[in-house]
1. So, in region 78-129, of the ones that are closer than 30 Å to GLU34 by Cβ and aromatic (Phe, Trp, Tyr), which residue ends up surrounded by the fewest Cβ atoms within 10 Å (Cβ to Cβ)?
2. Would you say ASP197 is more than 30 Å from VAL254 (Cα to Cα) and either buried (at least 16 other Cβ atoms within 10 Å of the Cβ) or in contact with a Lys or Arg (Cβ under 7 Å, 6 or more places away or on another chain) (or both)?
3. Quick check, is ARG32 charged (D, E, K, R), part of a helix (DSSP H, G or I) and at pLDDT below 80?
4. Mind listing whichever residues of region 109-143 are in a helix (DSSP H, G or I) and among the polar types (S, T, N, Q)?
5. Quick one: which residue in THR150, THR146, THR159, THR155 is under 30 Å from GLY105 (Cβ atoms), in a loop (DSSP other than H, G, I, E, B), open to solvent by less than 70 Å² (accessible area, probe 1.4 Å) and touching a residue at least 12 places away in the same chain (Cβ under 8 Å)?
Amino acid sequence: MSEPFSLDRGRGGGFLERQIGNLLGVMEHAVRAERLAQESGLLQRFDPRVRLVAMLVMIGLAVSTHSLSFLYGLFAAAVGLAVLSRIPLSILARGIWLNVAMFAGVLALPAVFLVPGEVLFHLPLLGWGASMQGVESAAFLIGRATTAATFAALTILATPWPQLLKALRALRVPAVAVVILSMSYRYIFLLLQTALDSFDARRSRLVGRLSGREKRRMLVADAGVLLSKSLHLADEAYFAMQSRGYRGEMHVLVEFRMNPLDWAALAGLLVAAGLVFHFQL
């Protein structure tokens, strides 16, 4: 995606340049994700419904397993699946693993010291004891969150958005929920483009640096204008959809067809998951 301007820090004190750069980064990430869904990787070869069912099964296994080695084996399988599907691990590392691990780590850290059990070590000065059971609980929490998020991200990155929504409807997800997801996805990029145009227009009219007060005032004003535009656009979009025959159900032109490989993969996945649930529960 080409930038409509050069990110010159000399004007506006770099504030507007940073905001525009962040917006461009989000849009470029979305464009890259759409390209990944068109790759000829392993996941992309299967029917979207199979991918969706596989994701749900794998997440179910990750959150229900009582074996730490099996949990991190699932995570290793997700990493291998990403490689075979030509999904760069850098995207998963920056967008999923780092954020989820940090968030889950903050939640899991107290368990290391609060869960009673065999003490592994004591913190200097504080004297808090970290137990083996507490470390294991923290490892389960971080592993489950990271593994589940990885499988969900793989499914989304390997499936074009319209096909993913249609697969959700095939699994009997309510039409209202699917329409909300569809419109939210479209509105995100529309609002990003509107905000990008607003920042770019304001930057072209600035001379010199902005003070902190002026920056806050500008952000509040732009947020208000963006909200007003989004409400107006929502009404126009709904009336346009009604005039074109929308009555609560969205249709996608792509037709799903299960081939023998899809049926074999689905059957094998369900049998394997059933055996795992049987021996673990």
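1. Per the criteria, the residue is PHE103.
2. no
3. Against the criterion (charged (D, E, K, R), part of a helix (DSSP H, G or I) and at pLDDT below 80), ARG32 qualifies.
4. GLN133, SER137 - these are the residues of region 109-143 that are in a helix (DSSP H, G or I) and among the polar types (S, T, N, Q).
5. THR159
The values are calculated or read from the model by the stated rules, or taken from the named source; none is laboratory data. Bear in mind that the values here come from a model prediction, so they are computed numbers and not experimental data. Cβ coordinates were reconstructed from backbone atoms using ideal geometry, including for glycine residues, and neighbour counts include every protein chain displayed. The protein model used for the area step is the full one, side chains on, heavy atoms only, and it has no ligands, DNA or RNA in it. Shrake-Rupley method; radii C 1.70, N 1.55, O 1.52, S 1.80 Å.
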